[in-house]
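Every read-out reported here was derived from the displayed coordinates using simple, explicitly stated rules and does not represent laboratory data. Everything numeric here is computed off the predicted structure, so don't read it as measured data. Using ideal geometry, Cβ is built from the backbone for each residue, glycine included, and neighbour counts are taken over all protein chains shown.
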Amino acid sequence: MPTRKLVTRYEDDLALFPDRYHKLGLVAGVIVLGIFPFVAGSYGLTVSHSGLIAVVGAIGMMILTGFAGQVSLGHAAFLALGAYTVAILGGTFGWPFWLALPVGGLVAAGIGLMVGPFALRLEGLYLAIVTVGLLFLVDHLLRNGLDIAYGKDYLTVPMHTWFAVDDPSGLGTFRDDGALSGAQKLYFFFLALAGGAAWVSKNIQRSRTGRAMMAVRDRDLAAEVLGVDAARTKFVAFGISSFFAGIAGGMYAFAHPVITLEPFGLTMSVGYIAMVVLGGAGTTFGAVWGALAFVLLLPLCELAGEALPFPDTFSSENRAVLLFYPALCLFLVFEPLGILGIWLRIKRYFMAWPFRY
């Protein structure tokens, strides 16, 4: 059964908000998101920052894995490149954050395009192994490069509103409190980036490039027979995905004024794959809601872990992982489409109501 009304025009089929219910939902969502930072506490804003960062990173993973079908376990490497690019440009050269962030995305995209040729001859687990190697290579180069250049394994991340020539090493002026606190300003900045990323992803999905990615994902040989350039499509998918990952890495750096390489490991890459699978692979909806659910459920699992009889040697993170990932596996056994499958059933119910079929 379809989950949307039948249309007879291409304009209606391509509309992002095809009816009044979608438009009302958009207005309601904007109102809720606009009010949230004024009623949430510091912990709520911190969680919202993490959620919006995860949305941008998950969209990057979705474009590569969900749209193009390319398996990557090196997603965290591109986040690390974006994070350290904005840290170096802001802290060493005094660049403003709004200029350093897109450059961080471009640096990550450049490295992603260098990995792209491997995807032309490797698929599945073989490509995943190559991306794991990239993850450790980037970690090694950044770790040793920081030690040589700065003599330390961490960097301070400033947010200058304009070029800071005299003292680029400070934390910048963006985080200074004014009409809005630093956390609130960061929230609205991240919200704009996450909304823009979702809009771009949705348009890619319904564009010629997006349809080519999905054709390559389903069967690359059949796609080439139909005239799709599979090599170019995989190459573009790696570049776009890496750019979004670099932007997410820059956002992570802005949310954490002091960064190290510890978070940018294999665990982060696996986490982004889990977000895509949890939300529903192949859709922007799945990337957004999978990322938000992942970020919100992990703290809840930490709280639940404190009430369960785990050994005292287990940290709160260990307890959360032991609860969350088995629960995720059970959820996917009963709902293979993830959160997207639940949403589709809800839409079908209301479209068929009051009938039961």
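May I ask you to derive the FRET efficiency for residue 106 and residue 296 from their Cβ-Cβ distance with R0 = 30 Å, giving the value to the nearest 0.05?
0.45
Dipole size of the chain about its Cα centre, with +1 on Lys/Arg Cβ and -1 on Asp/Glu Cβ: approximately 1440 debye, rounded to the nearest 20. Of the two radii for the chain, the radius of gyration is 0.98 times the Kirkwood radius, both from the alpha carbons; that is the Rg over Rh value.
Need the list of aspartates and glutamates near residue 152 for cross-linking: C-alpha distance under 18 angstrom, and skip anything on the same chain fewer than eight residues off. Leaving aside aspartates and glutamates fewer than 8 places away in the same chain, those within reach of residue 152 are 139, 262.
Kirkwood radius and radius of gyration were both taken over the C-alpha atoms of region 167-269, and their ratio Rg/Rh is 1.14.
Of the complete DSSP H runs in the chain, those spanning 30 angstrom or more by Cα along the long axis with a mean Kyte-Doolittle score not below -1.0 are 97-121, 125-149, 182-205, 230-255, 284-307. Residues whose amide H lies under 5 Å from that of residue 155, counting only those 5 or more places away or on a different chain, are 259; hydrogens are built 1.01 Å from N in the peptide plane.
How large is the convex hull of the Cα atoms of region 198-357 per residue, expressed in Å³ as a whole number?
Measuring per residue, one finds 184 Å³ for the Cα hull of region 198-357.
All other residues whose Cβ lies under 15 angstrom from that of residue 94 are scored, Lys and Arg at +1 and Asp and Glu at -1, for a net of -2.
Considering only DSSP states other than H, G, I, E and B, which chymotrypsin sites (Phe, Trp or Tyr not before Pro) in region 244-329 qualify as loop sites with at most 14 other Cβ atoms within 10 Å?
Working: sites: 244, 252, 254, 264, 272, 285, 289, 294, 314, 324; in loops: 264, 314.
Within region 244-329, the qualifying chymotrypsin sites (Phe, Trp or Tyr not before Pro) (loop, at most 14 other Cβ atoms within 10 Å) are 314.
Over all other residues within a Cβ to Cβ distance under 13 Å of residue 341, the charged ones net out to +2, with Lys and Arg as +1 and Asp and Glu as -1.
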